[in-house]
Amino acid sequence: MKKILPFAHAKCVYDINPDFFKKINVKYIFLDLDNTLATHKTLVPSKETLSYIKKLKENDLIPIIISNNKESRVKTFANKCDVNYIYKTCKPYTFKLNKFLKVNNISKEYVIMIGDQLLTDIKCANRLGVKSVLTEKLWSGDQLITKFTRWLDTIKRNKLRKDNQLIDWEVIYGRIK
């Protein structure tokens with residue numbers, strides 16, 4: 001379970017105050033696209049997404065959209081947000097994200113990953129050696145490709161909840177204020 005234990009939990013990415021990231025010494029925010037920022041059917045960012053990205057930037061934070069999805073999907077969305085992106089990341093594997101960090105001379109201590117899946121996003125963050133925030137999925141449905149991992153995710157997530165291991169970001173934030 002340690003491989004999939006997130007640093008923090010949030011109901012939704014949009015609930016997280018940008019000051020939280022600053023308090024935990026994070027500058028770069030890897031934001032999973034599908035079911036974290038938007039549903040997989042949403043082709044362009046919502047007003048809420050654009051507003052949140054703007055708020056992150058105003059706080060000197062650097063959002064980077066990441067996804068296992070194809071470039072056309074991720075590029076279109078990220079360009080509308082005016083942020084960098086990494087597509088076909090192959091999460092939970094880390095080679096593409098490690099390469100991005102190395103090329104851009106970014107230290108892992110200043111990075112956090114936010115995503116809705118334990119077995120891809122959180123496992124990837126832990127393998128990468130960065131903090132993570134697990135969110136609930138935005139949409140009740142799933143792409144065919146994620147149905148099986150979502151079933152496993154639900155089992156593991158329920159176990160983490162039962163063991164009180166999903167700590168809300170606001171609790172962590174309150175401890176470091």
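The values are calculated or read from the model by the stated rules, or taken from the named source; none is laboratory data. Owing to the predicted nature of the structure, the values given are computational and were not obtained by experimental measurement. Cβ coordinates were reconstructed from backbone atoms using ideal geometry, including for glycine residues, and neighbour counts include every protein chain displayed.
Exactly one residue out of Lys57, Lys27 is more than 18 Å from Ser132 (Cα to Cα), within 17 Å of the chain's Cα centre (by Cα) and not aromatic (Phe, Trp, Tyr), and it is Lys57.
How about the range 101-123: which of its residues are within 13 Å of Leu31 (Cβ to Cβ) and out of contact with any Asp or Glu (no Cβ under 7 Å at 6 or more places or on another chain)?
Of everything in the range 101-123, those that are within 13 Å of Leu31 (Cβ to Cβ) and out of contact with any Asp or Glu (no Cβ under 7 Å at 6 or more places or on another chain) turn out to be Val111, Ile112.
What are the pairs, 6+ residues apart or on separate chains, where a residue within the range 158-177 that is of a type in the set (Ser, Thr, Tyr) has its Cβ under 6 Å from a residue that is modelled with pLDDT of 90 or more? Close Cβ pairs satisfying both conditions: Tyr173/Phe20. Anything in the range 43-53 that is of a type outside the set (Asp, Glu) and either in contact (Cβ under 8 Å) with a residue 12 or more places away in the chain or touching a strand residue (DSSP E or B) at 6+ places or on another chain (Cβ under 6 Å) (or both)? List them, or say none. Answer for the range 43-53, where residues must be of a type outside the set (Asp, Glu) and either in contact (Cβ under 8 Å) with a residue 12 or more places away in the chain or touching a strand residue (DSSP E or B) at 6+ places or on another chain (Cβ under 6 Å) (or both): Leu43, Val44, Pro45, Thr49, Leu50, Tyr52, Ile53. Taken together, the residues in the range 54-106 that are more than 24 Å from Ile16 (Cα to Cα) and in contact (Cβ under 8 Å) with a residue 40 or more places away in the chain amount to 1. Could you look through the range 77-116, keep only residues that are in contact with a Ser or Thr (Cβ under 8 Å, 6 or more places away or on another chain) and hydroxyl-bearing (Ser, Thr, Tyr), and pick out the one that is nearest to Leu128 (Cα to Cα)? Here the answer is Thr89.
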